[in-house]
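Peer 1: Would you mind keeping the following structure in view while I ask a few things?
The values are calculated or read from the model by the stated rules, or taken from the named source; none is laboratory data. What you see is a predicted model; the values in this text were computed from it and never measured. A quick note on method: Cβ atoms are made from the backbone with ideal geometry, for glycine too, and the neighbour counts reach across all protein chains shown.
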Amino acid sequence: MRKLLLVLACGGARLVAEAWPAPLAEGLLVDLDAARGLTLDAQSRVTQWTNQVGPAAARDFVGQDKGRKVPGSGLPQLVKAGTTSALSFRAQELLCPDEKIFDGLIKGDGCTWVAVLKPYAQAKGGLKDVNSFFGNLRNGGKYEGIWGCLDDDNTLWWGARNGLSFGRFDVNNPKVAGPKLEVGRRYVVAGRLGSGVGEVAIELFVDEPKAVAAGRFPVNPAADASKLAVGQERDATQHPGFESFDGEIGRFLLWGRPLTDAEIKAVLDSLRLTPAAK
């Protein structure tokens with residue numbers, strides 16, 4: 001374990017892959033770490049967050065001003081407390097511009113995501129109980145994709161949408177809700193979506209490898225998700241920030257497959273012991 005923590009603290013995608021058990025590198029599409037890969041402007045706002053792994057098409061998560069009246073208002077802020085780094089989001093987002101790379105997550109590949117979060121109180125005025133810290137929902141139509149969110153009172157939830165119906169929420173758009181998170185406390189949260197056709201399991205985890213909530217998701221192989229956003233549930237250019245979450249993200253990982261129970265335990269254990277999760 002000491003070797004793993006040293007490698008995580010020092011950074012470097014190659015070293016991280018060597019330190020983790022080999023299966024954890026398999027299918028890893030995104031590793032966003034607030035301690036590395038950041039491009040900042042003069043106000044310490046993050047203009048780009050570089051993914052440390054995965055295909056080149058998913059390498060850069062960038063800020064954009066499209067749809068915003070104030071230039072730069074959509075950029076999160078880098079915050080540090082001792083050895084801990086995080087990005088502070090307040091109705092802001094960073095976006096991977098590739099349209100296709102994450103489509104398979106809801107078309108049968110399945111996925112696992114893990115995030116180190118510190119929620120703030122959620123701002124008033126957005127869509128009720130939709131404060132998203134990530135998502136690749138299509139911006140229009142039936143909004144298929146995956147998204148991780150907080151209710152207005154910081155109740156944690158996530159879901160997947162298969163494009164067969166528009167609903168908030170219904171059998172094709174499940175909401176898997178867990179506990180209410182405390183303002184200002186760091187958590188390691190995760191979600192797992194099963195692979196295959198037909199109905200698959202969708203699960204939510206908070207700090208521990210035992211699921212705190214679960215449901216079922218009908219896979220639609222024809223579903224067409226979109227760009228992956230961090231701090232927001234989609235590329236919402238018509239009203240940016242409206243469905244964004246307020247809080248900090250220290251780490252965000254995404255695999256294009258469901259991790260095993262043992263793999264989820266290993267990842268959660270390692271992140272809970274790093275400075276970013278204390």
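Peer 1: Can you confirm whether the stretch 203-224 contains a residue that is within 25 Å of THR50 (Cα to Cα), out of contact with any Phe, Trp or Tyr (no Cβ under 6 Å at 6 or more places or on another chain) and aliphatic (A, V, I, L, M)?
Peer 2: Checking the stretch 203-224: not a single residue is within 25 Å of THR50 (Cα to Cα), out of contact with any Phe, Trp or Tyr (no Cβ under 6 Å at 6 or more places or on another chain) and aliphatic (A, V, I, L, M).
Peer 1: Go through the stretch 3-58 and report how many residues are modelled with pLDDT of 90 or more and of a type in the set (D, E, K, R).
Peer 2: 6
Peer 1: Does the stretch 246-278 hold any residues that are of a type outside the set (D, E, K, R), at pLDDT below 95 and part of a loop (DSSP other than H, G, I, E, B), and which are they?
Peer 2: Listed by number, the residues that qualify are LEU273, THR274.
Peer 1: Also: Identify the residue in the stretch 202-217 that is part of a strand (DSSP E or B) and surrounded by fewer than 17 Cβ atoms within 10 Å (Cβ to Cβ) and, among all such residues, is farthest from the chain's Cα centre (by Cα). Lay out the reasoning, then the answer.
Peer 2: Applying the first criterion (part of a strand (DSSP E or B)) to the stretch 202-217 yields 202-206, 213-217.
When the remaining residues are screened for being surrounded by fewer than 17 Cβ atoms within 10 Å (Cβ to Cβ), the result is 214, 216.
Working: ALA214: 18, ARG216: 20 Å.
By that ranking, first place goes to ARG216.
Peer 1: So is GLU199 more than 18 Å from GLY141 (Cβ to Cβ), of a type in the set (D, E, K, R) and free of Cβ contacts under 8 Å to residues at least 60 places away in the same chain or not?
Peer 2: Answer is yes for this residue.
Peer 1: Do you know which residues across the stretch 72-92 are over 18 Å from the mean Cα position of the chain (by Cα) and closer than 21 Å to ASP246 by Cβ? Write out each step before concluding.
Peer 2: Taking the stretch 72-92 as the starting set, the residues that turn out to be over 18 Å from the mean Cα position of the chain (by Cα) are 72-73, 79-84.
Matches in the stretch 72-92: GLY72, SER73, VAL79, LYS80, ALA81, THR84.
Peer 1: Tally time: how many residues in the stretch 191-207 are out of contact with any strand residue (DSSP E or B) (no Cβ under 9 Å at 6 or more places or on another chain) and either of a type outside the set (Val, Ile, Thr) or modelled with pLDDT of 95 or more (or both)? First the steps, then the outcome.
Peer 2: Taking the stretch 191-207 first, the residues out of contact with any strand residue (DSSP E or B) (no Cβ under 9 Å at 6 or more places or on another chain) are 196-197.
When the remaining residues are screened for being either of a type outside the set (Val, Ile, Thr) or modelled with pLDDT of 95 or more (or both), the result is 196.
Of the residues in the stretch 191-207, 1 are out of contact with any strand residue (DSSP E or B) (no Cβ under 9 Å at 6 or more places or on another chain) and either of a type outside the set (Val, Ile, Thr) or modelled with pLDDT of 95 or more (or both).
Peer 1: Here's a check for you: in the stretch 92-114, which residue that is under 16 Å from PHE61 (Cα atoms) and touching a Gly at 6+ places or on another chain (Cβ under 7 Å) is surrounded by the most Cβ atoms within 10 Å (Cβ to Cβ)? Can you show your working first?
Peer 2: First, the residues of the stretch 92-114 that are under 16 Å from PHE61 (Cα atoms): 92-102.
This time we only want the ones that are touching a Gly at 6+ places or on another chain (Cβ under 7 Å), so: 92-94.
Numbers: GLN92: 25, GLU93: 29, LEU94: 26.
Result: GLU93.
Peer 1: Here's a follow-up. If I ask for residues that are under 14 Å from the mean Cα position of the chain (by Cα), farther than 19 Å from ALA190 by Cβ and in a loop (DSSP other than H, G, I, E, B), which ones from the stretch 93-111 would you list? Reasoning before the result, please.
Peer 2: Restricting attention to the stretch 93-111, the residues satisfying the condition of being under 14 Å from the mean Cα position of the chain (by Cα) are 93-96, 102, 105, 111.
Okay, now just the ones that are also farther than 19 Å from ALA190 by Cβ, so 93-96.
GLU93, CYS96 - these are the residues of the stretch 93-111 that are under 14 Å from the mean Cα position of the chain (by Cα), farther than 19 Å from ALA190 by Cβ and in a loop (DSSP other than H, G, I, E, B).
Peer 1: When only residues in the stretch 140-186 that are within 16 Å of the chain's Cα centre (by Cα) and among the aromatic types (Phe, Trp, Tyr) count, which is farthest from CYS96 (Cα to Cα)?
Peer 2: Within the stretch 140-186, the match that is farthest from CYS96 (Cα to Cα) is TRP157.
Peer 1: Which condition number in (1) part of a strand (DSSP E or B); (2) surrounded by fewer than 23 Cβ atoms within 10 Å (Cβ to Cβ); (3) of a type in the set (D, E, K, R) is the one that ARG185 fails?
Peer 2: With respect to (1) part of a strand (DSSP E or B); (2) surrounded by fewer than 23 Cβ atoms within 10 Å (Cβ to Cβ); (3) of a type in the set (D, E, K, R), ARG185 is out only on (1).
Peer 1: Name the single residue, out of those in the stretch 151-182 being among the β-branched types (Val, Ile, Thr) and part of a strand (DSSP E or B), that is surrounded by the most Cβ atoms within 10 Å (Cβ to Cβ).
Peer 2: Initial filter on the stretch 151-182 (among the β-branched types (Val, Ile, Thr)): 155, 171, 176.
Adding the requirement that they be part of a strand (DSSP E or B) leaves 155, 176.
Details: THR155: 14, VAL176: 23.
Selected residue: VAL176.
Peer 1: Of the residues ARG257, ARG234, which single one is within 15 Å of the chain's Cα centre (by Cα) and buried (at least 23 other Cβ atoms within 10 Å of the Cβ)?
Peer 2: Working: ARG257 fails: buried (at least 23 other Cβ atoms within 10 Å of the Cβ).
Exactly one of ARG257, ARG234 is within 15 Å of the chain's Cα centre (by Cα) and buried (at least 23 other Cβ atoms within 10 Å of the Cβ), namely ARG234.
Peer 1: Still on this structure, please answer the following. Quick one: in the stretch 131-147, of everything that is surrounded by fewer than 24 Cβ atoms within 10 Å (Cβ to Cβ) and not polar (S, T, N, Q), which residue is farthest from VAL219 (Cα to Cα)? Quick ask: steps written out before the conclusion?
Peer 2: First, pick out the residues of the stretch 131-147 that are surrounded by fewer than 24 Cβ atoms within 10 Å (Cβ to Cβ): 138-143.
If we keep only those that are not polar (S, T, N, Q) too, we end up with 138, 140-143.
Numbers: ARG138: 16, GLY140: 19, GLY141: 17, LYS142: 15, TYR143: 15 Å.
The selected residue is GLY140.
Peer 1: Here is a follow-up. Among the residues of the stretch 221-278, count how many are among the aromatic types (Phe, Trp, Tyr), out of contact with any helix residue (DSSP H, G or I) (no Cβ under 9 Å at 6 or more places or on another chain) and farther than 16 Å from LEU117 by Cβ.
Peer 2: First, the residues of the stretch 221-278 that are among the aromatic types (Phe, Trp, Tyr): 242, 245, 252, 255.
Pick out the ones that are also out of contact with any helix residue (DSSP H, G or I) (no Cβ under 9 Å at 6 or more places or on another chain) and you get 242, 245, 252.
Now narrow it down to the ones that are farther than 16 Å from LEU117 by Cβ: 242.
Here the count works out to 1.
Peer 1: I'm checking my understanding of the structure. Among residues of the stretch 112-139 that are among the polar types (S, T, N, Q) and part of a strand (DSSP E or B), which one is farthest from the chain's Cα centre (by Cα)? Break it down stepwise before answering.
Peer 2: The initial filter retains those residues of the stretch 112-139 that are among the polar types (S, T, N, Q), namely 112, 122, 131-132, 136, 139.
Within this subset, residues satisfying the condition of being part of a strand (DSSP E or B) are 112, 131-132.
Values: THR112: 10, ASN131: 12, SER132: 9 Å.
So the residue we want is ASN131.
Peer 1: Working carefully through the options ALA236, ALA229, find the one that is over 20 Å from GLY110 (Cβ atoms), small (Gly, Ala, Ser) and modelled with pLDDT under 95. Let's see the steps before the verdict.
Peer 2: On the way: ALA229 fails: modelled with pLDDT under 95.
Exactly one of ALA236, ALA229 is over 20 Å from GLY110 (Cβ atoms), small (Gly, Ala, Ser) and modelled with pLDDT under 95, namely ALA236.
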